[in-house]
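The values are calculated or read from the model by the stated rules, or taken from the named source; none is laboratory data. This is a predicted model, so every value here is computed, not measured. Cβ placement follows ideal geometry from the backbone for every residue including glycine, while neighbour counts extend to all protein chains displayed. Areas reflect the complete protein model, heavy atoms only, side chains present, ligands, DNA and RNA absent. Shrake-Rupley method; radii C 1.70, N 1.55, O 1.52, S 1.80 Å.
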Amino acid sequence: MSRTVIHGGLVVTASDEIHADVLIEGGRIVALAAHGTDAATSWSADRRIDATGMYVLPGGVDAHTHMEMPFGGTYAADTFETGTRAAAWGGTTTIVDFAIQTMGRSLREGLDTWHAKADGRCAVDYGFHMILSDVNESSLKEMDRLVAEGVTSFKLFMAYPGVFYSDDGRILRAMQRASGNGGLVMMHAENGIAIDVLVEQALAEGRTDPRYHGDVRKVALEAEATHRAVQLARVAGAPLYVVHVSADEAVDEIAAARHKGLPVFGETCPQYLFLSTDNLAEPGFEGAKYVCSTPLRPREHQEVLWRGLRNNELQVVSTDHCPFCFSGQKEMGRGDFSKIPNGMPGVEHRMDLLHQAVVDGHLSRRRWVEIACASPARMFGLYPKKGTIAPGADADVVIYDPGAEQTISAETHHMAVDYSAYEGRRVTGQVRTVLSRGVPVIEDRAYVGHAGHGTYLPRGTCQYL
Ligand SMILES: [Zn+2]
């Protein structure tokens, strides 16, 4: 069995920071020993990685990506191959993507389609959530089977009427089913019926620029939907995970629910922490690059999100990676912001941006690892195989240089999209080497992985319940 030793680094997990050497055998972590001790120096190994001056982190877990997702007549620009390669470059070694149920079809058919897209193409490991578009007797029954085989979370939409939207009755039925089968309902919480009225009115009045995308998707309509989702989950006796929380008042709703002891969880994304409506208002249709839903908010919301992450009102930072090229895709919405494909690239830069938050004093190092690695793994039934560095865990390990400086740019990123939402941003910290189950994927800033290394991960149920 091949043995690797990572020596001299600072191992950072959600709970500890220790100067320890790490022994990897057959794709798993088998031991940690204090650096410089006889125990550590006696290890024989086929490969030794010097991590002096570096952090040794568990591989990132991005629980919200949309590779090759169909939206508004086009597809997200990253395939499972390009998207997981970009993830690896950024120190993310697990993604959980969303298989989609087509209206009128079974969950199984949607899941099979997504397996076919991903199978044999991923550079790192991957699992699936299921998007429930059509809640009916047969899809409710199918939920039980999916949970049993490792697809344990189901996304529903209070937004996008006519596409993914479910009304309150359908949402309640799905939540009741989840409360019985151990599934976790993930909610896109925005009042899409009301938003569509405001979209129609804005367009009729000639307000067609990208900035109005943010205008019509009101804070109140995110907060209202979040509140309603919490109450429906409470009635159903089900846990709830609210995806891409962007508004301060939505954080308040989640905090209030948690204060009551309800099993309600919240996720936010780097774009809400680092970007704002100022970006949406960039001139010359540049704002289209930042069109996503929930939308970017005025800058003052950021401090509430950071506080939520520190206080554990929000537990996870995922990317909602859903890239569309500016040229040819985002441009479909020139003259009508409602036709701009919703989504932004981000899978490559989540770990770095959150490290910058450590440098800036928003988060501790351990909280960084917790919200980016450990909590998403626990939330979606992958811990401790993923999300930590401990004996028995998969050897998904990132050697991270905390002092390296880099400038984020479309010129140098690895996502298959023609712009960066963070173009020109200087950040401190960079991935040096990445192992996936003990196998190098990135080695000293060179890609040495391959499509098909990544394997499918059947998941357990939420480990916070
Ligand atoms: Zn999404």
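For this structure, a couple of remarks:
- In the range 100-134, the residues that are hydroxyl-bearing (Ser, Thr, Tyr) and more than 16 Å from the ligand (Cβ to nearest atom): 102, 106, 113
- Residue that is farthest from the ligand (Cβ to nearest atom), among those in the range 349-362 that are out of contact with any Ser or Thr (no Cβ under 6 Å at 6 or more places or on another chain) and open to solvent by 10 Å² or more (accessible area, probe 1.4 Å): 361
- Candidates 46, 97: the one that is within 16 Å of the ligand (Cβ to nearest atom) and acidic (Asp, Glu) is 97.
- Any hit, the range 141-149, residues being in contact (Cβ under 8 Å) with a residue 24 or more places away in the chain, in contact with a Phe, Trp or Tyr (Cβ under 6 Å, 6 or more places away or on another chain), over 23 Å from residue 354 (Cβ atoms) and not hydroxyl-bearing (Ser, Thr, Tyr): no
- Residue in the range 283-296 that is more than 24 Å from residue 69 (Cα to Cα) and among the charged types (D, E, K, R) present: no
- When the residues of the range 155-206 are filtered to those that are charged (D, E, K, R) and touching a residue at least 40 places away in the same chain (Cβ under 8 Å), the one that is nearest to the ligand (Cβ to nearest atom) is 155.
- Helices (runs of 4 or more DSSP H) lying entirely in the range 240-283 (those with 3 or more residues that are over 19 Å from the mean Cα position of the chain (by Cα) and of a type in the set (A, V, I, L, M)): 248-259
- Condition broken by residue 161, with the remaining ones in (1) touching a strand residue (DSSP E or B) at 6+ places or on another chain (Cβ under 9 Å); (2) under 18 Å from residue 229 (Cβ atoms) satisfied: (1)
- Cβ separations smaller than 7 Å between residues 6+ apart or across chains give the following pairs from the range 4-20 residues that are under 15 Å from residue 387 (Cα atoms) to residues that are open to solvent by 10 Å² or more (accessible area, probe 1.4 Å) and hydroxyl-bearing (Ser, Thr, Tyr): 12/55; 13/388; 14/388.
- Annotation note: of 18, 24, 29, 95, the sole residue that is outside any loop (DSSP other than H, G, I, E, B) and open to solvent by 20 Å² or more (accessible area, probe 1.4 Å) is 18.
- Each residue in the range 49-87 was checked for being open to solvent by less than 40 Å² (accessible area, probe 1.4 Å), assigned to a loop (DSSP other than H, G, I, E, B) and away from the ligand (no atom under 16 Å from the Cβ), and 3 of them qualify.
- The residues of the range 222-237 that are within 24 Å of the chain's Cα centre (by Cα), open to solvent by 30 Å² or more (accessible area, probe 1.4 Å) and of a type outside the set (Asp, Glu), listed by number, are 227, 228.
- Tally, over the range 400-417, of residues that are over 30 Å from residue 327 (Cβ atoms) and surrounded by fewer than 24 Cβ atoms within 10 Å (Cβ to Cβ): 4
- Matching residues, the range 229-246, being more than 16 Å from the ligand (Cβ to nearest atom) and touching an Asp or Glu at 6+ places or on another chain (Cβ under 7 Å): 230, 232
- Selection of the range 426-452 for residues being under 21 Å from the mean Cα position of the chain (by Cα), in a loop (DSSP other than H, G, I, E, B) and crowded, with 17+ Cβ neighbours inside 10 Å yields only 437.
- Criterion violated by residue 289 - all others in (1) of a type outside the set (A, V, I, L, M); (2) in a helix (DSSP H, G or I); (3) open to solvent by less than 30 Å² (accessible area, probe 1.4 Å) satisfied: (3)
- Among the conditions (1) among the polar types (S, T, N, Q); (2) open to solvent by less than 30 Å² (accessible area, probe 1.4 Å); (3) outside any loop (DSSP other than H, G, I, E, B), the only one that residue 420 does not satisfy is (3).
- When the residues of the range 305-337 are filtered to those that are buried (at least 22 other Cβ atoms within 10 Å of the Cβ) and free of Cβ contacts under 8 Å to residues at least 60 places away in the same chain, the one that is farthest from the ligand (Cβ to nearest atom) is 330.
- Qualifying residue in the range 32-39 (condition: more than 16 Å from the ligand (Cβ to nearest atom), hydroxyl-bearing (Ser, Thr, Tyr) and at pLDDT below 95): no
- Residue match in the range 259-281 (condition: among the charged types (D, E, K, R), away from the ligand (no atom under 16 Å from the Cβ), open to solvent by 10 Å² or more (accessible area, probe 1.4 Å) and touching a residue at least 40 places away in the same chain (Cβ under 8 Å)): no
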